[in-house]
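Worksheet for the structure shown next.
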Amino acid sequence: MSPMSDVASPDLAPHTPELLTCDILYTGMGGAQSPGGVVVSGGIVAATGHPDTLRGNFPHARERRAGSIIAPPPVNAHTHLDMSAYDFQALPYFRWIPEVAVGQREKRGLAGALAGAETLGGLGAGAVGDIVGSHGQDMLAPLLARTDLSGVVYFEVLSPFPERADEVFSAARQVMDAHRKLERPGGPRLGLSPHTPFTVSSRLMRLLTDYAAGEGIPLQIHVAEHPSEVELFRTGGGPIWDSMTRFPYPATFAEVIGRAPEADLTPVRYLDELGVLTARPTLVHMVNVTPDDIARTARAGCAVVSCPRSNTHLECGVFPWAGFAAAGVEIALGTDSVASGGSLDVRDDVAFARTLYPHLDPRLIVRAAVKGGSRVTGTPLPFIRRGETWQESFIWP
Ligand SMILES: [Zn+2]
């Protein structure tokens, strides 16, 4: 025993409260505040609020600037873990798909998915919305078994041929039925992802979303990512159609969507009129949308996930954050895959979004990454409030 042990060192006194300060505090409840502070005593949160108030109420607390943000861990609400072994490359959308997504396809699979899950665990991610590619059924069981990975693992389905819709649906349903029983308490739930409104026939889209709505299965759909998707619904042609018809595809886009393209038809209006939005799918990207699309999304109560780095790297445009926020739509953030986003750390998208939207209150962006993601993935948040255990991971690096 050290002879000095009976002399209390101020640094080691076990219950000297500590006041941690930051630029943005989000407790998990209400809105985020700026500046913010948290008083921690004996590893327990004693109080949260404005630093000046906390200084007055805890005059003996030692003060430490924690960093820019104190908040629960953010949720990566949209990614493709099975592409985690890919090399990142920023390229325009119509070059990225053949040169990166298809060009590196031998790197897609279970090894990448598990490495990605490890990476998320190391980052202390709150939860994940992960898309498992349609040929990746073998990945579902190992991912669902991971109780360190909360959120949703969505099985992706695509087929543009209406005459094959029933057959593709019943195969997808068998996969879902076989794997739903593998869900574990604390682990991810199984979800369903009809790929996009232009790669899934209208009949299959309805079958999948009606089934999911009836069974309470979470849904994600990629919508309005690139401007040419809007052109496709307006004209039935354009660069997306040209790139798709290199694969086996129906003769016309009208066959895929079960109606004629028209001047003011958009991907969102199409999904709404098809009855898909009543299943309340989470709509991913939503970059190239009209005010009417935003109003339809809000009316249906659908949440959206924005992937700001991926959208910028692929030159898809800028998600109209202020428009969705004004309409009261729940916004979450995702990295998309490392191949287009650059990393699996959604805090990198928070930082990127703060530069992309210089006039947007950064407190909204932090709240979206935490609360929006929690709502999208259906995972509970840890709250930072009096009586809860303090975690150092609440300080975002
Ligand atoms: Zn995606």
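When 386, 375, 363, 347 are checked against the criterion of being assigned to a loop (DSSP other than H, G, I, E, B) and either at pLDDT 95 or above or in contact with a Cys (Cβ under 7 Å, 6 or more places away or on another chain) (or both), 386 stands alone in meeting it.
How many residues does segment 309-318 contain that are of a type outside the set (Gly, Ala, Ser) and either within 13 Å of the ligand (Cβ to nearest atom) or under 14 Å from residue 283 (Cα atoms) (or both)? Counting residues in segment 309-318 that are of a type outside the set (Gly, Ala, Ser) and either within 13 Å of the ligand (Cβ to nearest atom) or under 14 Å from residue 283 (Cα atoms) (or both) gives 5. Test residue 262 against the stated conditions and say whether it is surrounded by fewer than 17 Cβ atoms within 10 Å (Cβ to Cβ), away from the ligand (no atom under 16 Å from the Cβ), without any contact (Cβ under 8 Å) to a residue 24 or more places away in the chain and over 21 Å from residue 131 (Cα atoms). No.
Selection of segment 321-344 for residues being under 17 Å from residue 289 (Cα atoms) and assigned to a loop (DSSP other than H, G, I, E, B) yields 327, 328, 329, 330.
Which strands (runs of 3 or more DSSP E) sit wholly inside segment 42-94 and have at least 3 residues that are in contact (Cβ under 8 Å) with a residue 40 or more places away in the chain, closer than 29 Å to residue 364 by Cβ and away from the ligand (no atom under 16 Å from the Cβ)?
Where strands (runs of 3 or more DSSP E) fall fully within segment 42-94 and carry at least 3 residues being in contact (Cβ under 8 Å) with a residue 40 or more places away in the chain, closer than 29 Å to residue 364 by Cβ and away from the ligand (no atom under 16 Å from the Cβ), they are 44-49, 62-70.
Annotation: residue 284 fulfils all but one of (1) in contact with a strand residue (DSSP E or B) (Cβ under 7 Å, 6 or more places away or on another chain); (2) part of a helix (DSSP H, G or I); the unmet one is (2). Filtering segment 297-320 to residues that are crowded, with 23+ Cβ neighbours inside 10 Å, outside any helix (DSSP H, G or I), of a type outside the set (Gly, Ala, Ser) and modelled with pLDDT of 95 or more leaves 302, 304, 305, 307, 319.
Do we have residue 257 as β-branched (Val, Ile, Thr) and more than 16 Å from the chain's Cα centre (by Cα) here? Before you say what the answer is, go through the steps one by one.
Working: β-branched (Val, Ile, Thr): yes; more than 16 Å from the chain's Cα centre (by Cα): yes.
Spelling it out, residue 257 is indeed β-branched (Val, Ile, Thr) and more than 16 Å from the chain's Cα centre (by Cα).
Among the residues of segment 321-351, those that are under 16 Å from residue 363 (Cα atoms) and either buried (at least 24 other Cβ atoms within 10 Å of the Cβ) or polar (S, T, N, Q) (or both) comprise 331, 332, 333, 346, 349.
Residues that are within 16 Å of the ligand (Cβ to nearest atom) and touching a helix residue (DSSP H, G or I) at 6+ places or on another chain (Cβ under 9 Å) within segment 95-104 comprise 96, 97, 100, 101, 104, listed in sequence order. Residue 99 - would you say it is without any contact (Cβ under 8 Å) to a residue 40 or more places away in the chain, part of a helix (DSSP H, G or I) and closer than 20 Å to residue 313 by Cα? Taking the combined requirement at face value, the residue satisfies it.
Considering each of 17, 10, 35 in turn, give the residue that is modelled with pLDDT of 95 or more and either of a type in the set (Val, Ile, Thr) or out of contact with any Pro (no Cβ under 9 Å at 6 or more places or on another chain) (or both). Give the steps one after another, and end with the answer.
Details: 10 fails: modelled with pLDDT of 95 or more; 35 fails: either of a type in the set (Val, Ile, Thr) or out of contact with any Pro (no Cβ under 9 Å at 6 or more places or on another chain) (or both).
It is 17.
Please determine, by comparing only the residues of segment 109-132 that are within 13 Å of the ligand (Cβ to nearest atom) and over 25 Å from residue 227 (Cβ atoms), which one is surrounded by the fewest Cβ atoms within 10 Å (Cβ to Cβ). Filtering segment 109-132 for residues that are within 13 Å of the ligand (Cβ to nearest atom) and over 25 Å from residue 227 (Cβ atoms), the one surrounded by the fewest Cβ atoms within 10 Å (Cβ to Cβ) comes out as 132.
The conditions of being at positive phi and modelled with pLDDT of 95 or more are met by residue 151. Any residue that is at pLDDT below 95, among the basic types (Lys, Arg), surrounded by fewer than 21 Cβ atoms within 10 Å (Cβ to Cβ) and farther than 27 Å from residue 261 by Cα - is there at least one of those in segment 183-206? There is at least one residue in segment 183-206 that is at pLDDT below 95, among the basic types (Lys, Arg), surrounded by fewer than 21 Cβ atoms within 10 Å (Cβ to Cβ) and farther than 27 Å from residue 261 by Cα. For segment 215-226, check the following and say yes or no: at least one residue is free of Cβ contacts under 8 Å to residues at least 40 places away in the same chain and farther than 19 Å from residue 77 by Cα. There is at least one residue in segment 215-226 that is free of Cβ contacts under 8 Å to residues at least 40 places away in the same chain and farther than 19 Å from residue 77 by Cα. Within segment 319-364, being among the β-branched types (Val, Ile, Thr), more than 15 Å from the ligand (Cβ to nearest atom) and either in contact with an Asp or Glu (Cβ under 7 Å, 6 or more places away or on another chain) or in contact (Cβ under 8 Å) with a residue 40 or more places away in the chain (or both) holds for 331, 350. If you check residue 294 against the conditions, is it among the β-branched types (Val, Ile, Thr), part of a helix (DSSP H, G or I) and buried (at least 19 other Cβ atoms within 10 Å of the Cβ)? Judged against the criteria, residue 294 is a match. For residue 230, the conditions (1) over 16 Å from residue 274 (Cβ atoms); (2) of a type outside the set (D, E, K, R); (3) surrounded by fewer than 21 Cβ atoms within 10 Å (Cβ to Cβ) are fulfilled apart from (3).
The values are calculated or read from the model by the stated rules, or taken from the named source; none is laboratory data. Worth saying up front: this structure is predicted, and the values here are computed from it rather than measured. When we count neighbours, we look across all protein chains shown, and the Cβ atoms used for this are built from the backbone with ideal geometry, even at glycine.
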